[in-house]
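The values are calculated or read from the model by the stated rules, or taken from the named source; none is laboratory data. It should be emphasised that the depicted structure is a prediction, and the values quoted were computed from it without experimental measurement. Every residue, glycine as well, gets a Cβ built from its backbone with ideal geometry; the counts of neighbours run over all protein chains shown.
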Amino acid sequence: MSRPVLLFDSGIGGLTVLREARVLMPERSFVYVADDAGFPYGGWEEEALKARLLSLFKDLLHRFDPEVAVVACNTAFTLAGADLRAAFPGTVFVGTVPAIKPAAERTRSGLISVLATPGTVKRAYTRDLIQSFASQCHVQLVGSPKLASMAEAYIRGETLTDDDVRAEFSGCFQEREGARTDIVVLACTHYPFLVNVFRRLAPWPVDWLDPAEAIARQARRLVPALDRLKADSRPDRVVFTSDAPDFATRRLVQGFGLSPLV
Ligand code: DGL
């Protein structure tokens, strides 16, 4: 039996990556892990979150022995990516980091914004990305304490008010010396679920950069392709660390074709 591809996030955000990964790796089976017992990660103290991630992965890697482990969460990977690789050298990790490099390559105005959780915004990793790849740009970091939870609520069918959403992302829209922000990096995997709302409420059109496809492509490069006869036909599975997701979340993952693991 072939080994599955593991995708990990604090909640449902990694589903935006799963969507792309399935297109590129149709012959593979997936295990999706939502650490909903720890959600949201954005406000966690760094050492405590790192310890939690190391202990969760110890268990998950032992349990599923994945071909690759995709950390589909900026908040987790910018904090603990290097520690995970050092602690589990036998595992291939694919990480998620703010797409600052592609944004710097594409911007015309030189004004880029990075919309992320407060955790990702304060990481040394994020500052290093800016210094290495976007030193010629003006990069506005916008840490939203609420958007990840709002994305979860939205996807569960709850109504969000325009003012509440606007309050979380309006800092992304900057004007300086006649130039305007033209790219907003969606540096939290939850945010692509809200991109249509962002588009509708944005004061001017920008490019909303969603890294999901690039992450899936990187995973595909590292996962050997199986021919049709060896394709893994097991259903894709989902694990919630709380063991008790609410009804709407269960229905959502079922809609994504994920079966609960008991
Ligand atoms: N989806 C996660 C990310 O990419 C974080 C959401 C959260 O737990 O706050 O950063």
Of the residues in region 177-192, those that are buried (at least 21 other Cβ atoms within 10 Å of the Cβ) and of a type outside the set (A, V, I, L, M) number 6
Selection from region 136-148 of residues closer than 21 Å to I12 by Cα and surrounded by fewer than 18 Cβ atoms within 10 Å (Cβ to Cβ) yields P145, K146
On the given criteria, is A244 of a type in the set (G, A, S) and within 21 Å of the chain's Cα centre (by Cα)? no
Among the residues of region 54-66, is any within 16 Å of the ligand (Cβ to nearest atom), without any contact (Cβ under 8 Å) to a residue 60 or more places away in the chain and of a type in the set (D, E, K, R)? no
Of the residues in region 92-110 that are among the aliphatic types (A, V, I, L, M) and under 12 Å from I183 (Cα atoms), the one that is nearest to the ligand (Cβ to nearest atom) is A99
Taking region 1-16 and keeping only residues that are within 16 Å of the ligand (Cβ to nearest atom) and within 13 Å of D236 (Cα to Cα), one is left with L6, L7, L15
Consider F88 carefully, then state whether it is within 16 Å of the ligand (Cβ to nearest atom), hydrophobic (A, V, I, L, M, F, W, C) and surrounded by 15 or more Cβ atoms within 10 Å (Cβ to Cβ).
no
Cβ pairs under 7 Å, 6+ apart or interchain, first in region 111-133 and free of Cβ contacts under 8 Å to residues at least 40 places away in the same chain, second in a helix (DSSP H, G or I) and among the small types (G, A, S), ordered by first then second residue, are F133/A104
Within region 154-167, residues being among the hydrophobic types (A, V, I, L, M, F, W, C) and exposed (fewer than 14 other Cβ atoms within 10 Å of the Cβ) number 1
Do we have E168 as within 16 Å of the ligand (Cβ to nearest atom), touching a residue at least 60 places away in the same chain (Cβ under 8 Å) and in a helix (DSSP H, G or I) here?
-> no
A151: crowded, with 17+ Cβ neighbours inside 10 Å, within 14 Å of the ligand (Cβ to nearest atom), outside any loop (DSSP other than H, G, I, E, B) and in contact (Cβ under 8 Å) with a residue 40 or more places away in the chain, yes or no?
yes
Q. Does region 64-71 include one or more residues that are at pLDDT 95 or above and at positive phi?
A. yes
Across (1) hydroxyl-bearing (S, T, Y); (2) closer than 23 Å to G14 by Cα; (3) assigned to a helix (DSSP H, G or I); (4) modelled with pLDDT of 95 or more, T189 clears everything bar (3)
When region 171-213 is checked residue by residue, the ones that are of a type in the set (D, E) and away from the ligand (no atom under 16 Å from the Cβ) are E175, E177, D182, D207
If we keep only residues of region 111-125 that are surrounded by 23 or more Cβ atoms within 10 Å (Cβ to Cβ) and β-branched (V, I, T), then the residue farthest from the ligand (Cβ to nearest atom) is I112
Report task. For A72, state whether it is small (G, A, S) and either closer than 14 Å to G14 by Cβ or within 14 Å of the ligand (Cβ to nearest atom) (or both). Result -> yes
By residue number, the members of region 40-54 that are surrounded by fewer than 21 Cβ atoms within 10 Å (Cβ to Cβ) and at pLDDT below 95 are G43
Subset of region 17-39, residues surrounded by fewer than 24 Cβ atoms within 10 Å (Cβ to Cβ), within 12 Å of the ligand (Cβ to nearest atom) and not acidic (D, E), comes to A37, G38, F39
